[in-house]
Every structure is written in structure tokens, then in C-alpha cells.
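Structure first, then comments.
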Amino acid sequence: MKNLLLLTALLLIATASFAQDDPKSKAIVDRLMAQAKGWTSFEADFISRLQSSRDKLDLKQEGNMKVKGRKFRLLLDKNTIINDGTTLYTYSSETNEVTLSDPAEMDQELDPSKLFTQYEKGFKSQFVEEKADAAGVMTQVVKLFPLDATKKPYHTVVLTVDKAKGEPRSVQVLYKDGNVVTYTLKKFTPNAVLADALFVFDKTKYPGVEVNDMR
């Protein structure tokens, strides 16, 4: 009985300790979030990588994202996704089709406008390491764990941040189904000057486009 009580006490202590952010990781995350909330816009060239051991899949795609407030324009392979604030347009150049949907129905984890700020609350953090990345930039690596894991399709998020600038270098999401999605930023420009026209889907620029309205 004593051994059982001791084991229970140790588990409770370990759980309580793990639930707290360590000071170093909290400082890194707080700095990133403070900067992200201050950006009126940003533009990034990135590499998206989807890995699935179950499906033996390793898919890499290069893309560009432009974000201005809650609006965004995302180019990925043969697809263009535009959120003008009221409608989400998903255009495929391969089929010359565009699908209209409600932005509220979009997976929030994949929303470029919330790529960084969505991790501000509801997570505990853990400092991992400092290291130079492939480009020679000194980075800080932090792991985030959702406090209510039952409401998330993933169990861990790994943020890699430029130590000097406090800007993001990569975001990696580890899903419960075994999939791993990584966004590596090749170029990042905060407060980029972006014309409003970029966040409008102009059908006249896509002759013969087929429109599928799913709203």
C-alpha cells in the first residue's frame, strides 16, 4: 500500500511539473506571439512536407503565402486558395475549377492567418535545444503540447525560431494518426506591403473557370 501511495504521489508531482511551462520556452513563445500579433501582414516562401509512415508517404511541395489581417492568398503546387474575409476560394489550375466555401469551415490548424498565434493559449511548452539550421541560422526549438489533447487531432507542435530575430523558421505538427506535417520558411517578410487586390478572386482572369459554390 505504501509503495502504491508513493507511486501515485510521484506521478502527481511529475504531471504537475510537466504541466508548467519552463521559463526558457515560455520566453521564446511569448516573444514570438508578441511579434506575430504586431504584424499587420506577412509574406513567406515555404516548403510543405507531409510524412506518413502508415501510407509510406513523403510529399514535399513549395508554396507562397500572403497574409493581411484575416485575409490570405496561398499558392501551393497547382492550387490557389484565397480568403477574402467572407468566402474561401480554392482554385485548381489543373482542372480550371474553383470551389467556394465558408472560411469558418476551414481547418483552423491550416489557416495561414493563424499559423503562429493559434498556439498562444491552451498549450504547455518545453524547451528542446538551440542549434544552427541548414542555412546556418542559430535557432531555438520549443515543443508545445495541447492542454486539452482530446480536442486536437495532433499531440505535439514543434516550433523553431530564429534566435536573433525571434521570427519563425519552421512549424512541425505531429498528428495522432502518425502523420507529420512540416512548414519550413525559406523566406519570411513581416509587415509586407500587400495590395488588397491580391485577396480577391477575379473570375475574369480565369477564362472558362467552373464554379462550385458549396456555401
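Laboratory data are not the source of any read-out in this text; all were calculated from the coordinates shown. On a predicted model such as this, the values are computed, not experimentally measured, just so you know. When we count neighbours, we look across all protein chains shown, and the Cβ atoms used for this are built from the backbone with ideal geometry, even at glycine.
Considering only Cα-Cα distances, which of the following residue pairs are longer than 27 Å: Lys26/Lys71; Lys56/Lys78; Lys151/Lys203; Lys71/Lys131; Lys26/Lys131? Show your work: numbers first, answer last.
On the way: Lys26/Lys71 29 Å; Lys56/Lys78 23 Å; Lys151/Lys203 38 Å; Lys71/Lys131 34 Å; Lys26/Lys131 18 Å.
Beyond 27 Å: Lys26/Lys71; Lys151/Lys203; Lys71/Lys131.
Sum up the charges of everything whose Cβ sits under 12 Å from the Cβ of Asn79, counting Lys and Arg as +1 and Asp and Glu as -1, but leave Asn79 out. Walk me through the numbers on the way to the answer.
On the way: positive: Arg73, Lys78; negative: Asp77, Glu94, Glu97.
Charge balance in the 12 Å sphere: -1.
Where does the charge balance sit around Leu185 when Lys and Arg score +1, Asp and Glu -1, over other residues with C-beta under 11 Å from its C-beta?
Local charge sum for Leu185: -2.
How far is helix 23-38 tilted off the main Cα axis of the chain, in degrees rounded to 10, range 0 to 90?
Approximately 20 degrees, to the nearest 10.
Please report the projected area of the stretch 21-213's Cα convex hull averaged over all directions, in nm².
If I average the Cα hull's projected area over directions, I get 11.9 nm².
Give me the distance between the Cα centres of the stretch 86-134 and the stretch 137-189, rounded to whole Å.
12
Taking only DSSP H segments of four or more residues, each worth -39500 (n - 2.57), what value at 222 nm results for the chain once the sum is divided by all its residues, to the nearest 500 deg cm²/dmol?
-5000 deg cm²/dmol
Please enumerate, by chain and number, the aspartates and glutamates with C-alpha under 14 Å from the C-alpha of Lys186, excluding those fewer than 8 residues away in the same chain.
Glu43, Asp45, Glu62, Asp133, Asp162, Glu167
If we count every other residue with Cβ under 14 angstrom of Asp102's Cβ, Lys/Arg +1 and Asp/Glu -1, where does the sum land? All intermediate terms of the calculation are to be shown ahead of the outcome.
Values: positive: Arg70, Arg215; negative: Asp84, Glu105, Asp107, Asp111, Asp213.
Computed value for this residue: -3.
Relative to the longest principal Cα axis of the chain, at what angle does helix 2-18 sit, 0 to 90 degrees, rounded to 10?
So the inclination is approximately 40 degrees.
How long is the stretch 151-215 along each principal axis, judged by its Cα atoms, biggest number first, in Å?
Its Cα atoms span 44, 34, 20 Å along the three principal axes.
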